[in-house]
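Novice: Pasting a structure here, questions to come.
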Amino acid sequence: MFRLNLQRRRFILRVLLAAILLCILWWLGLKIAPPPDPYRVRPAGVRVLDRQGKLLRGFLSPDQKRRWRLELAEISPALVGAVLSHEDRWFFKHAGVNPAAVVRAAWGNLRAGRVTSGASTITMQLARLTEPRPRNLSAKIHQVWRAFQYESLYSKTEILTMYLNLAPYGGNVEGVGAAAHIFFNKSAAELSWAEACQLAVLPQSPNRHDPVRQPLSAQKARNKLAHHLLDSGLIDPQIYQEILTSPMPTHRWPSPFLAPHFSRWSKKRHPGRSTLRTTLDADMQSQTASIVQGQVGQLRPLGITQGAAVILDSRNGQIVSMVGSAGFHEENYQGQVNGAVAPRSPGSTLKPLVYALAFDRGLATADALIEDVPRWFADYSPKNYDGMFRGVVKAGDALRSSLNVPAVALAAELEHADGDGLYEFLKDAGVESLDQPSGHYGLTLVLGGGEVTLLELASLYGVLARQGMWLPTRDLLPAAAATDPGRRLLGAGATWMTLQEMKGVARPDPELLWQGSSRRFEIPWKTGTSYGHRDAWSVGLAGPWVVAVWLGNFEGEGSPHLTGGEVAAPLLFSLIEGLSLDESGAWEKRPSAVAERSICALSGHPVSEFCGPTTTGYYLPGISPSAPCSIHRSVEIDHLKGQTVCSRCRGGISTEQLFVEWWPPQVASYLVAGGWALPDIPPHNSNCPAFGTSEAPVITSPQRDSEYFLRRGVPLVDQAIILEASFSPGIGRVWWFVDGVMLQESGPGERVFYTPIAGRHQFTVVDDAGRSGSVTIRVHRAE
């Protein structure tokens, strides 16, 4: 009895030791010879989906297969059920190998005298797909070994998903994702029972069961599986009849090719990802592409061959539509270039940002006057598009009319005020196209002297739509619902005031056809035309949507018809109307930071005691300029002579008050030329000791008829010419002009510098008494 118990104990011990040894060997096998990762061996191509999960484009895998990686939730339950029933109905019960199937297959093969069944489970088939080998006993043993390994490394759901993504469907089509689109032009999630059965029988014999090339054999296999499903109770008789009567596919569908530019761009932005669930809206994308293609087709006889469009949702920075060209496959017009992300000169489209910055920093209000006269900014003298100067113009009118000189003047004032101007703002807003330092662009940046992309421009206008908040541009949907508060770049009041002025821009003629419609709504928008008529732009806000368009030629040729107002604006409004973008936007509500005040109807500044007609205007309390109007003034007049008098000469003279408009000398002449009837200011008392015997200004530097020689290799700013003059007592302000163009306003004792340009130049200084002095010099080029 004792000996028997001892033997039993030894047997149990041997079994335990064997089990332990087997576990150790198993663990060593996983460590020393682990199975290859199926997704690494057979990598997927990138799948680009729209925001609803619709396939926009499926890229080929590195080995040129139509193989995409889907999650099990993206696959029709009917297909999963059909595959399990056809391939491995005990899949969720075995450990990688089905012993009963092995015995049954061995007996069947023995009776047939040949291999008629392999007893391969889905896990074993996954091993065969991952490591293809000749069909023999050695390969089968290897599959069994790998199947056990896969079962210990992955869950059943993971193994099933990998198999469905890698199963062969003929040619270079692998996986149910590609197969569903190729044979039925739908996603794997949309497959019916009939379609699911058709695909379920394909992997066992992709050639013999090809429904397009072998419809009879494929139909027979499909119906046989349907009968088995009916017998198993997985489908009811009605579904069974539907399967039997469903037509066979007659051709293979091409892979979807929506948004090709966006898909390729997004794929490049996110390397290593097999599925990109993007922010794009497939329906909106198709409509946008159709409208762009139609408009460009009409413009090609005018030498305008390409166009691009971007639509953003300003609420979250998401791209809902991106059209890179009028036709991706148009080789003659370089259709594969993505015009939405190609850096180009934006023309005047950045001007609203300058005005918003100026409002935000208290440099102006929309009603305040800005000088529009010839001016020098160092060695740069801008001109307006029409070549005219208006003397002065309200800031809002200057923005709506897209005047160059006032915009450059504000840009210069921004830089002078705190050193951070338009360039710094653009960099803070994520504009990467500006790859040179600020000095490279200078003040020309506001007029298109730098390059931005259409997508960057749309993002910048998104800042205005979000009342000054910046958000990054997004092309992928977030994994979970989240709100990004963004980063404030502008005050809400300043952006609202800017957009109010932009709403007043006259719309293009084609838009007149629907501006009387009940669906008409206000749209702040702007156009831009680059130098040489090479680029035409238009950007607008339609409720929460930012719509931006570009027209031009990818090779850079100009056309006299390439102007923002003539060709880009009609495209902008065609998109807004065609896509029915008539929602309301958060930017439309006036922020609490904006208030109204009484202002002088002429100057736009707070009313002084000398102003005449008044009106109301918007301003930012504590930020906007608060100084009263300085145009309307009161002067004392000699009652008998009608001359003005001052504290030095009015003694013993009977005087009366006269209210006058006082305009700076550089402005007055342009106002008169523009048709303004300026009231005359009487001359000053000729006997006044301060003015009556005083002289006109005398320029002391540079000397009359001097000659200057520029030095090679020395920056021009380091060769600046100092401008100085002597003035009579009592002078408060003076104005310097170079060749008739104002250079700078200053006090009589301030130094002014001129960056020299080769040629003959006349310098003139005018004091606030209206007297002037001039000298002429010559600047020679560097030898």
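Novice: Could you tell me which of Asn332, Gly442, Trp265 has its Cα farthest along the dipole of the chain towards the positive end, charges placed at Cβ (Lys, Arg +1; Asp, Glu -1), taken about the Cα centre?
Specialist: Going by the Cα projections, it comes out as Trp265.
Novice: Now, a different point. For Phe328, Phe573, write out the residues from largest to smallest accessible area, computed with a 1.4 angstrom probe and no ligands counted. Walk me through the numbers on the way to the answer.
Specialist: Details: Phe328 25, Phe573 5 Å².
So, going from the largest accessible area down, we get Phe328, Phe573.
Novice: Right, something else. Less than 11 Å Cβ to Cβ from Gly442, Lys/Arg counted +1 and Asp/Glu -1: what total charge do the surrounding residues give? All intermediate terms of the calculation are to be shown ahead of the outcome.
Specialist: Numbers: positive: none; negative: Asp379, Glu415.
That sum, taken over residues with Cβ under 11 Å, equals -2.
Novice: If you compute semi-axes √(5λ) of the Cα gyration tensor in Å for the structure shown, which of (1) 80, 28, 24; (2) 42, 35, 27; (3) 46, 37, 28 do you land on?
Specialist: Among (1) 80, 28, 24; (2) 42, 35, 27; (3) 46, 37, 28, the one derived from this structure is (1).
Novice: Another question about this same structure. Collect residues whose amide H, placed 1.01 Å from N in the peptide plane, falls under 5 Å from the amide H of Trp470; neighbours closer than 5 in sequence don't count.
Specialist: Arg487, Arg488, Leu489
Novice: Relative contact order for the chain using alpha-carbon pairs under 8 Å, separation at least 6, rounded to a whole percent? Before the final figure, lay out the partial values.
Specialist: On the way: 1503 pairs, mean separation 73.9, N = 783.
After rounding, I find 9 percent.
Novice: Could you tell me the center-to-center distance, by alpha carbons, between region 606-649 and region 213-290 in angstrom?
Specialist: 77 Å
Novice: Any chance you could check the Cα centroid distance between region 727-783 and region 322-396 for me, in angstrom?
Specialist: So the two Cα centres are separated by 30 Å.
Novice: Oh, and also: Considering only the other residues whose Cβ falls under 13 Å of the Cβ of Met248, what net charge follows from Lys and Arg at +1 and Asp and Glu at -1? Numbers along the way, then the final one.
Specialist: Working: positive: Arg213, Lys220, Arg222, Arg252; negative: Glu195, Asp210.
Net of charged neighbours comes to +2.
Novice: Based on DSSP H runs of at least 4 residues, each adding -39500 (n - 2.57), what is the mean residue ellipticity at 222 nm of the chain after dividing by all its residues, to the nearest 500 deg cm²/dmol? Walk me through the numbers before you get to the answer.
Specialist: Working: 22 runs with 252 residues, N = 783.
About -10000 deg cm²/dmol.
Novice: Sum up the charges of everything whose Cβ sits under 15 Å from the Cβ of Arg534, counting Lys and Arg as +1 and Asp and Glu as -1, but leave Arg534 out. All intermediate terms of the calculation are to be shown ahead of the outcome.
Specialist: Numbers: positive: Arg344; negative: Glu451, Asp535, Glu555, Glu557, Glu566.
Here the charged neighbours net out to -4.
Novice: DSSP loop (so not H, G, I, E, B), at most 16 other Cβ within 10 Å: list which trypsin sites (Lys or Arg not before Pro) in region 696-778 pass both filters. All intermediate terms of the calculation are to be shown ahead of the outcome.
Specialist: Values: sites: Arg704, Arg711, Arg712, Arg733, Arg751, Arg760, Arg771, Arg778; in loops: Arg704, Arg711, Arg712, Arg733, Arg751, Arg771.
Hits after loop and neighbour filter: Arg704, Arg711, Arg712, Arg733, Arg751.
Novice: Just to check I understand the Karplus step: with θ = phi - 60° and J = 6.51 cos²θ - 1.76 cosθ + 1.60, what whole-Hz values come out for region 427-434, glycine and proline as x?
Specialist: Going residue by residue, I get 5, 4, 8, x, 6, 8, 5, 7 Hz, with x marking Gly and Pro.
Novice: While we're here: For region 254-400, just say rounded, prolate or oblate: build the C-alpha gyration tensor, square-root its eigenvalues into a ≥ b ≥ c, call rounded for a/c under 1.5, and beyond that prolate if a/b exceeds b/c, oblate if not.
Specialist: Numbers: a/c = 2.78, a/b = 1.90, b/c = 1.46.
In terms of gyration-tensor shape, prolate.
Novice: Still on this structure: Keeping all protein chains in place, calculate the accessible area per residue for the chain (probe 1.4 angstrom), answer in Å².
Specialist: Working: 37080 Å² over 783 residues.
In whole numbers, the chain has 47 Å² accessible per residue.
Novice: Would you list Thr130, Thr275 from the most to the least accessible area, probe 1.4 Å?
Specialist: Values: Thr130 5, Thr275 40 Å².
The ranking, largest first, comes out as Thr275, Thr130.
Novice: Quick one: which residues, 5+ away or cross-chain, put their amide H under 5 Å from the amide H of Gln318? H built at 1.01 Å from N.
Specialist: Under 5 Å from the amide H of Gln318: Asp313, Arg474.
Novice: At a probe size of 1.4 Å, how large is the accessible area of Trp253, to the nearest 10 Å²?
Specialist: Accessible surface of Trp253 is approximately 90 Å².
Novice: In degrees between 0 and 90, to the nearest 10, how far off the longest principal axis of the chain does helix 137-153 point, with axes built from Cα atoms?
Specialist: 50 degrees
Novice: Pairs Lys394/Lys641; Lys351/Lys383; Lys503/Lys589; Lys93/Lys220; Lys156/Lys220; Lys54/Lys268: which are spaced more than 25 Å apart, C-alpha to C-alpha?
Specialist: Working: Lys394/Lys641 37 Å; Lys351/Lys383 15 Å; Lys503/Lys589 14 Å; Lys93/Lys220 29 Å; Lys156/Lys220 30 Å; Lys54/Lys268 20 Å.
Violating the 25 Å limit, Cα to Cα: Lys394/Lys641; Lys93/Lys220; Lys156/Lys220.
Novice: 5 Å is the cut-off here: which amide hydrogens, built 1.01 Å from N in the peptide plane, fall below it relative to Met742, excluding neighbours closer than 5 in sequence?
Specialist: Amide H to amide H, under 5 Å and 5 or more residues apart or across chains, Met742 pairs with Arg375, Trp376.
Novice: Compute the acute angle (0 to 90°) between the alpha-carbon long axis of helix 99-112 and the principal axis of greatest extent of the alpha-carbon atoms of the chain; round to the nearest 10°.
Specialist: 60 degrees
Novice: Taking the Cα atoms only, what angle lies between the long axis of helix 156-166 and the longest principal axis of the chain, rounded to 10 degrees?
Specialist: Tilt relative to the chain: about 80 degrees.
Novice: Sorted by accessible area with a 1.4 angstrom probe, largest first, how do Phe610, Phe183, Phe753 fall?
Specialist: Numbers: Phe610 60, Phe183 5, Phe753 110 Å².
Highest to lowest solvent-accessible surface, that is Phe753, Phe610, Phe183.
Novice: So, one more: Carbon and sulfur atoms: what percent of the 1.4 Å accessible area of region 287-388 do they account for? Please list the in-between numbers first.
Specialist: Numbers: 1760 of 3520 Å².
With neighbouring chains kept in place, the figure for region 287-388 is 50 percent.
Novice: Step through the residues of region 179-186 one at a time and calculate ³J(HN,Hα) from phi using the Karplus curve (6.51 cos²θ - 1.76 cosθ + 1.60, θ = phi - 60°), rounding each to whole Hz and writing x for Gly and Pro.
Specialist: Each residue's phi maps through the Karplus curve to give 4, 4, 6, 5, 8, 10, 6, 8 Hz.
Novice: Also, I was wondering about something else. Against the 2.2 N^0.38 Å scaling, with N counting residues, where does region 340-448 land? I'd like the Cα-based Rg ratio to two decimal places.
Specialist: Numbers: Rg = 13.4 Å, N = 109, 2.2 N^0.38 = 13.1 Å.
Cα-based Rg divided by the globular estimate yields 1.03.
Novice: Pop out the carbon and sulfur fraction of the accessible area of region 625-783 as a percent, whole number, probe 1.4 Å. All intermediate terms of the calculation are to be shown ahead of the outcome.
Specialist: Working: 4380 of 8750 Å².
Answer for region 625-783 is 50 percent, counting heavy atoms of protein chains only.
The values are calculated or read from the model by the stated rules, or taken from the named source; none is laboratory data. This is a predicted model, so every value here is computed, not measured. With ideal geometry, Cβ positions are generated from the backbone for all residues, glycine too; neighbour counts draw on all protein chains shown. For the accessible areas, the whole protein counts, side chains as well, though only heavy atoms, and no ligand, DNA or RNA atoms are used. Shrake-Rupley method; radii C 1.70, N 1.55, O 1.52, S 1.80 Å.
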